[in-house]
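This report concerns only the one structure given below.
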Amino acid sequence: MKGVENGIIKEPLVKIFVMGTNKWLEGDTYPLPYTQMQKWHLGSGGKANTSKGDGTLSPELPPAASAADTYVYDPGDPTPNPDFYEESEENEKRVRPVEEKRQEAEAYHEKVTSSRSDILVYQTKTLEKSLTFAGPVSAVIYASSSAKDTDWFMRLVWIKKDGKVFPLGEGKIRARFRKSMKNPEPLKPGEVYEYALDLWQTGITIPAGDAVRVEVASASFPLFSRNLNTGGHNEKETRFVKAEQAVFHSQKYPSHLLLPVIPEDRLK
């Protein structure tokens with residue numbers, strides 16, 4: 001400022017802090033110029049429901065013929081957000097250690113994801129070496145619904161070797177707005193559509209021995225209002241319908257998570 005040469009003009013345009021390794025990455029573009037955008041494909045034997053299911057997340061393409069995962073989304077019993085944990089009134093009134101609160105929240109996450117069949121879970125194998133990603137995270141899913149309109153949510157989660165969970169991001173899309181926010185289009189029941197989800201940004205190193213997970217659902221209640229599946233006004237109308245949902249993952253419908261992977265040598 002005021003003609004003073006302070007060196008700021010020479011600094012990189014982009015700086016990203018990486019959790020886990022506690023390092024700063026720098027560059028003049030975003031994503032960073034050395035970022036490798038990697039597809040991690042959803043897969044299963046058709047039973048990815050709950051955290052006890054057979055859902056997988058892998059850099060490898062799924063088989064050409066791969067069974068879709070299905071569930072029923074009921075607006076009358078909307079899928080809860082497993083990270084939206086509310087303390088009891090009694091616990092809110094007393095001072096408690098942060099670790100105790102964290103343990104309760106993690107237990108609630110596992111309770112929800114292990115019991116709700118309307119949550120699909122896709123998880124990597126235990127990582128053999130650390131995985132660092134920093135930048136924009138996105139996903140593409142191919143899905144169908146029996147309804148005229150519905151919602152799709154995806155959460156990105158770090159699963160530690162001791163089973164603890166660490167939420168990293170969440171993306172969502174309302175089906176009628178899949179092409180444009182200005183010109184909504186209803187769904188044709190049973191037809192497969194492509195949906196692009198923005199899971200926001202993050203920067204983290206997942207250590208060897210841990211895993212990466214995505215959770216797919218059609219509600220994230222009460223953090224977000226529920227979709228009544230009618231194609232009408234979700235806040236004013238009272239009628240709702242159950243929807244039969246299907247998420248496809250095959251070579252024809254390669255549903256995937258897109259991670260901004262950072263090469264190991266950039267962290268040294």
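The values are calculated or read from the model by the stated rules, or taken from the named source; none is laboratory data. In this text the structure is predicted, and so the values were computed from the model without any measurement. Here the Cβ positions follow ideal geometry from the backbone for every residue, glycine too, while neighbour counts run over all protein chains shown.
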key: Residue check for Trp24: modelled with pLDDT of 95 or more and farther than 19 Å from Arg155 by Cα   = yes
key: Residue list for region 52-75, restricted to those being outside any strand (DSSP E or B), over 24 Å from Ala211 (Cα atoms) and modelled with pLDDT of 95 or more   = Asp74, Pro75
inquiry  = For Ser255, only one of the following conditions fails: (1) surrounded by fewer than 23 Cβ atoms within 10 Å (Cβ to Cβ); (2) at pLDDT 95 or above; (3) of a type in the set (Ser, Thr, Tyr). What is its number?
reply    = (1)
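For every residue, the table says whether it meets (1) farther than 30 Å from Tyr253 by Cα; (2) surrounded by 15 or more Cβ atoms within 10 Å (Cβ to Cβ); (3) of a type in the set (Lys, Arg).
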| position | (1), (2), (3) |
| --- | --- |
| Ile8 | yes, no, no |
| Leu13 | yes, no, no |
| Gly20 | yes, yes, no |
| Gly27 | yes, yes, no |
| Pro33 | no, no, no |
| His41 | no, yes, no |
| Ala48 | no, yes, no |
message = Residues that are surrounded by 13 or more Cβ atoms within 10 Å (Cβ to Cβ), small (Gly, Ala, Ser) and either out of contact with any strand residue (DSSP E or B) (no Cβ under 9 Å at 6 or more places or on another chain) or more than 18 Å from Asp118 (Cα to Cα) (or both): does region 234-247 have at least one?
response = no
task = Considering only region 181-205, state which residues are part of a strand (DSSP E or B), among the small types (Gly, Ala, Ser) and closer than 24 Å to Thr70 by Cβ.
result = Ala196
ask   = Looking only at residues in region 206-235 that are outside any strand (DSSP E or B) and charged (D, E, K, R), which one is nearest to Trp40 (Cα to Cα)?
value = Asp210
key: Candidate set: region 91-124, residues that are of a type in the set (Asp, Glu), without any contact (Cβ under 8 Å) to a residue 60 or more places away in the chain and surrounded by 11 or more Cβ atoms within 10 Å (Cβ to Cβ); chosen: the one farthest from Leu168 (Cα to Cα)   = Glu104
message = Can you pull out every residue in region 241-257 that is under 17 Å from Tyr71 (Cα atoms) and either in a loop (DSSP other than H, G, I, E, B) or hydrophobic (A, V, I, L, M, F, W, C) (or both)?
response = Val241, Lys242, Ala243, Ala246, Val247, Phe248, His249, Ser255
inquiry  = So, in region 142-167, how many residues would count as being within 25 Å of Thr205 (Cα to Cα) and part of a strand (DSSP E or B)?
reply    = 10
